[in-house]
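These notes concern the structure reproduced below.
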Amino acid sequence: MPRASPADLEITPGTDADIPLVARLADAIWREHYPGILSAGQIDYMLAHGYAHEALAKFVREPGAGIAIARAGGEAVGFAAWYRPDEPETTKLDKLYVLPARHGRGIGRALIAHVEAAARVDGARTVILNVNKGNAASIAAYRACGYATRAACVVDIGGGYVMDDYVMAKAL
Ligand SMILES: CC(C)(COP(=O)(O)OP(=O)(O)OC[C@H]1O[C@@H](n2cnc3c(N)ncnc32)[C@H](O)[C@@H]1OP(=O)(O)O)[C@@H](O)C(=O)NCCC(=O)NCCS
């Protein structure tokens, strides 16, 4: 049976004012989690591009997209971001990050449930996501939350870097 999320967990919609907080959380989580999966250069490159103010503002402003912030005991401990990709009745879970010290306590599952609820309200019937092929712990977490591998892909993200990913999907 899935574990319950912490009793003091709060998940709230992110606004423009939360963008610096999201960028700070991402910086801390990426620099602890991704060494060994991505090179230091690729971590810097992806943080600079994916977490620039304008890149995050799109999630806050676009219809069918959003950012959610998880707080435990009032402290920001993770976030998720999603948008409508160019695929009918589909929401893409684009970012899901929890502080490493808080892993394994149901926060990721609660953020995924929040995104799935927002996707349903928006009329989506499927949630998709990309995850690095070497990110075994996160692949296991997605599987536990009902996601299955749909495809493998290598995406050129510029700067001489690629994302070597699985695409995972879940029917709502
Ligand atoms: C992926 C991530 C968001 C999961 O968040 P979390 O708060 O640790 O996850 P939860 O505690 O809610 O666990 C959700 C489910 O996944 C399972 N799970 C989590 N980590 C796991 C692991 N390393 N191995 C196996 N299963 C795991 C849990 O057992 C749980 O299933 P259950 O409720 O049936 O027991 C978190 O580990 C994370 O931020 N990872 C680093 C960043 C990252 O890689 N993000 C994804 C980018 S695509």
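FYI, it's all coordinate maths here, none of it is from the lab. Since the structure is predicted, the reported quantities are computational estimates derived from the model, not experimental observations. Cβ coordinates were reconstructed from backbone atoms using ideal geometry, including for glycine residues, and neighbour counts include every protein chain displayed.
Here is how the numbers come out for the structure above:
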read-out	value
Neighbourhood charge, 13 Å Cβ-Cβ cut-off, centred on PHE79 and excluding it, Lys, Arg +1 and Asp, Glu -1	-1
Taking the C-alpha atoms of the range 19-67, convex hull volume expressed per residue in Å³	71 Å³
Net +/- balance of residues flanking GLU89 in space, Cβ distance below 11 Å, scoring K and R +1, D and E -1	+1
Length gained when the stretch ALA171-LEU47 is fully extended (0.36 nm per residue, less Cα-Cα span)	41.7 nm
Packing rank of 50-57, 115-122, 151-158, where each peptide gets the mean count of other beta carbons within 10 Å, highest leading	115-122, 50-57, 151-158
The range 9-17 - phi-based ³J(HN,Hα) in whole Hz, Karplus 6.51/-1.76/1.60, Gly and Pro as x	7, 10, 10, 10, x, x, 10, 3, 5
Rg and Dmax of the range 93-162, Cα atoms only, in Å	13.5, 38
Whole-angstrom gap from the range 51-72 to the range 93-172, using each part's C-alpha centre	16 Å
Set of lysines near LYS133 by C-alpha distance (under 16 Å), chain-local residues within fewer than 8 positions excluded	LYS95
Length released on extending from ARG120 to SER39, taking residue separation times 0.36 nm less the Cα-Cα span	25.5 nm
Binned Cα-Cα distances of the chain, short to long, each 5 Å bin given as a whole percent	1, 8, 17, 22, 23, 19, 8, 2, 0
Radius 14 Å from Cβ of HIS53, net charge of other residues (Lys, Arg +1; Asp, Glu -1)	-1
